[in-house]
Amino acid sequence: MSSSELPPLPENEKTYAGIPEAVFVEDVDSFMALSENENSADKVLRRLDEQHSKYKLMEYNISARRRKLKFQIPDLLKSIEMIDILREQNEDRATQFLLSEQVFLKATVPPTKTVCLWLGANVMLEYPLDEAEVLLKQNKESAETNLKCLEHDQDFLRDQLTTTEVNMARVYNWDVKRRQSGLVSAKK
C-alpha cells in the first residue's frame, strides 16, 4: 500500500478510531415520544450536550495527534537525508548539531557505517546505515498513513458535531413551540 492510500476501514465502521455516529433526528415529535426521552427536552438536551462534549474531546485529541505527526514526518525525512550524507562521506566533516533549543555545538563527524537512532522512551539503538534507512522509511510511511487516517476521522467527527448541534437546535425549538402552544391554549 502506498502512503497516498488509506487502509481499509474496520468492518462495519465509518472511522479508524471507532467514533460513534450521531443519528440525525428527522421527526422531532416521534423522537421526543420515545420512552427513553419521556417528552423531556431538558433530559434530551443534556444527553445531546454530553455527546457534543465527547465529540469535542475526541476532536481535541485527534488535532493533537495530527500536529505531532505533522512535526514527526519532516524530522524523519531529515534523518533519511542524513543517512544518505553519511553513506557518501569518506572523510571527516565539520558540522554543527542542536544540543537544545537555540544551542548548537560544533563537531567533527568521521566516516561511519552505523548510526544511532532515538526510538523514544529513553531508548537509543545503533543500526547499520542500510537498516536505519529502512526503519526510518517504514516509520515515515506509517506516520503518513496514520495522518491520513486521522484526517479522515477528523472530517467524520466534524460531521457528527454538526449533526449533534442541529439535533440540539431542533429539540430546543420543539420545546419552545410546545411551551408557546401551551401558553396560547391556556390564554384561550
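Observations, loosely collected:
- Failed condition for Leu157, given (1) among the aliphatic types (A, V, I, L, M); (2) under 22 Å from Pro74 (Cβ atoms); (3) under 32 Å from the mean Cα position of the chain (by Cα): (2)
- Unmet requirement for Leu57, which otherwise passes all of (1) touching a Leu at 6+ places or on another chain (Cβ under 8 Å); (2) closer than 20 Å to Arg158 by Cβ; (3) among the aliphatic types (A, V, I, L, M): (1)
- Of all positions in segment 20-31, none carries a residue that is within 15 Å of the chain's Cα centre (by Cα), aliphatic (A, V, I, L, M) and under 15 Å from Asp153 (Cα atoms).
- Hey, Ala94 aliphatic (A, V, I, L, M) and touching a Lys or Arg at 6+ places or on another chain (Cβ under 9 Å) or not: yes
- Cross-chain or 6+ apart pairs with Cβ under 7 Å, segment 3-22 first and more than 22 Å from Thr164 (Cβ to Cβ), then acidic (Asp, Glu): Ser3/Glu141; Ser3/Glu144
- Filtered residue count, segment 101-126, keeping only those that are more than 18 Å from Arg87 (Cβ to Cβ) and touching a Leu at 6+ places or on another chain (Cβ under 8 Å): 5
- Considering residues of segment 1-55 that are within 28 Å of Lys140 (Cβ to Cβ) and of a type in the set (Ser, Thr, Tyr) only, the residue surrounded by the most Cβ atoms within 10 Å (Cβ to Cβ): Thr15
- Pairs where the first residue, in segment 27-50, is outside any helix (DSSP H, G or I) and the second is of a type in the set (Val, Ile, Thr), C-beta under 8 Å, 6+ apart: Asn37/Val44
No value in this document is a laboratory result; all are computed from the given coordinates. The shown structure was predicted, so the numbers you read here are calculated from the model rather than taken from an experiment. Cβ coordinates were reconstructed from backbone atoms using ideal geometry, including for glycine residues, and neighbour counts include every protein chain displayed.
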